[in-house]
1. Output the number of residues of the range 84-98 satisfying the condition of being surrounded by 21 or more Cβ atoms within 10 Å (Cβ to Cβ) and not small (Gly, Ala, Ser).
2. Please verify whether the range 54-75 includes one or more residues that are among the charged types (D, E, K, R), assigned to a strand (DSSP E or B) and either open to solvent by less than 50 Å² (accessible area, probe 1.4 Å) or over 20 Å from residue 105 (Cβ atoms) (or both).
3. Residues in the range 91-128 that are in contact (Cβ under 8 Å) with a residue 24 or more places away in the chain and within 17 Å of the chain's Cα centre (by Cα): how many?
Amino acid sequence: MKKIVSSLSVVVLLLLCLVATGCQAEPEVTGIWADATYNKDATLGEGAVAMKMVIAAEEKSITLTINTNKETVAEALKEHNLIKGSEGLYTVVNGMTADYNVDQTYWAFYENEAYANQGMDTTKIDPAVTYKLVRSK
């Protein structure tokens, strides 16, 4: 009987440990990321083409996989309300603002770690390329 009670006690303690570690609160999101639509990697949409988009600001970055039937990077991002602003000059990305007139920040656009030669509005989606938007100063 003592062995059964002892074994049950161990099982109960293990279950309590699992529950305690599994129910920890998410870390608080601060800084510019507090305004972000997505704070973690995510997959969005449905479509024939999968586009990888890294969004980086401050010391954090996330990767969004965007499934789309759109032709350009900007069209795919607009489809999911990920960019706002005028064509060629997007000031809001993933809910986070970069405004050169306010704090000299802007969104830099990269293709495979190299600064893009053209804007998102004219860049055709290439599934082999990882695109990146970096809040820069």
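The values are calculated or read from the model by the stated rules, or taken from the named source; none is laboratory data. Not measured: the values here are computed from a predicted model. For neighbour counting, all protein chains shown are included, and Cβ atoms are generated from backbone atoms with ideal geometry for every residue, glycine included. Quick note on the areas: whole protein, heavy atoms, side chains included, nothing else; ligands and nucleic acids left out. Shrake-Rupley method; radii C 1.70, N 1.55, O 1.52, S 1.80 Å.
1. 4
2. Within the range 54-75, none of the residues are among the charged types (D, E, K, R), assigned to a strand (DSSP E or B) and either open to solvent by less than 50 Å² (accessible area, probe 1.4 Å) or over 20 Å from residue 105 (Cβ atoms) (or both).
3. Residues that pass the stated criteria total 10.
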